[in-house]
Amino acid sequence: MEAYYRERATVYDEFYQVGRRKDDLVALGSWLVERARGGMILEVAAGTGYWTEVAAPVAKAITATDYNPETLAIAAQRRLGSHVTLTVADAYRLPKLPGTFDMGMAMLWWSHVQKQRRREFLRHFTSRLAPGALVLMLDQFYIDGVSSPISRKDEWDNFYTVRTLSNGAKYEIIKNYPSDEELIDTFSDVCDDIVVTRLREFWTISARVRR
Ligand SMILES: C[S@@+](CC[C@H](N)C(=O)[O-])C[C@H]1O[C@@H](n2cnc3c(N)ncnc32)[C@H](O)[C@@H]1O
């Protein structure tokens, strides 16, 4: 996962140029902007900063983190503003970060979290957010003939897919597609007010960290 996205960093944003995603991306942008207004946001797995850039004009402050400095270097080329800080960090082992966060954001990340680590990740992430903080995530669901084919399932029922980069390098990465029930079940551990929505290709979740 880490190596694949490091190697893919320079072409990652092609994902956002795919025509069939346009309507969903516009709707997701509005969904995020409505919720991010005034937020002091902690973002994990921010990648090249596509969603950071959407939230930046309305957020009070954003600390955007990613495991790979290569993806954050691309985020740094966006005009994010001085209220946005980019920091290298492992989402499972976040360092102490300055500031209080009343919002948490993890986009296109949940599908890459192993099922057996979902609760661990969510507990860790929400432990860095204020009680009552809004958690926002979005990701893709599986569409036959459109999504990259599932190469195998492991003993935890995690799905994998094989991705090939333009230099021919092949990576098998985890790519899970949770049901609404699975999402609600996992988030119920630490969150209330859970709302899941589905668009054409993406799902969203918003939830409040339990007080
Ligand atoms: C599918 S990309 C999503 C990027 C961005 N959030 C977006 O929506 O465009 C997944 C990101 O997770 C990052 N990543 C992989 N493993 C990570 C880890 N352990 N901690 C933090 N980020 C990680 C990758 O570097 C990559 O940028």
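The values are calculated or read from the model by the stated rules, or taken from the named source; none is laboratory data. Please read these numbers as outputs of a predicted model, since none were measured by experiment. Neighbour counts run over all protein chains shown; Cβ positions are idealised from the backbone, glycine included. What goes into the accessible areas is simple: the full protein's heavy atoms, side chains included, and nothing from ligands, DNA or RNA. Shrake-Rupley method; radii C 1.70, N 1.55, O 1.52, S 1.80 Å.
Going toward the positive end of the dipole of the chain, with +1 on Lys and Arg Cβ and -1 on Asp and Glu Cβ, which of Pro178, Phe141, Ser166 do you reach last? Of the candidates, Ser166 comes out farthest on the positive side. Remark: the chain carries 48 Å² of accessible area per residue (probe radius 1.4 Å; ligands, DNA and RNA excluded). With all protein chains in place and a 1.4 Å probe, the accessible surface of the chain carries 50 percent carbon and sulfur. The distance separating the Cα centre of the stretch 24-75 from that of the stretch 132-206 comes to 19 Å.
Taking amide hydrogens as placed 1.01 Å from N in the peptide plane, the amide H of Ile62 sits under 5 Å from those of Ile41, Val84, Thr85, each at least 5 positions away in sequence or on another chain.
Backbone phi angles across the stretch 4-17, fed through the Karplus curve with coefficients 6.51, -1.76 and 1.60 (θ = phi - 60°), yield HN-Hα couplings of 4, 6, 5, 5, 8, 3, 5, 10, 4, 5, 4, 3, 7, 9 Hz in residue order; Gly and Pro are listed as x. Loop-located chymotrypsin sites (Phe, Trp or Tyr not before Pro) across the stretch 103-201 with a Cβ neighbour count of 13 or fewer within 10 Å are Trp156, with loop assigned by DSSP. The residue list Ser206, Met103, Val196 was ranked by how far each Cα lies along the charge dipole of the chain toward its positive end, using unit charges on Cβ atoms, and Met103 comes out on top.
Every helix of 4 or more DSSP H residues in the chain counts as -39500 (n - 2.57), and over all residues that averages to -7000 deg cm²/dmol at 222 nm.
If you run the Gaussian network model on the chain, springs between alpha carbon atoms under 10 Å, then out of Val44, Val196, Val18 the most flexible one is Val18.
Basic side chains Lys and Arg get +1 at the Cβ, acidic Asp and Glu get -1 at the Cβ, and with that the dipole of the stretch 132-211 about its Cα centre reaches some 380 debye.
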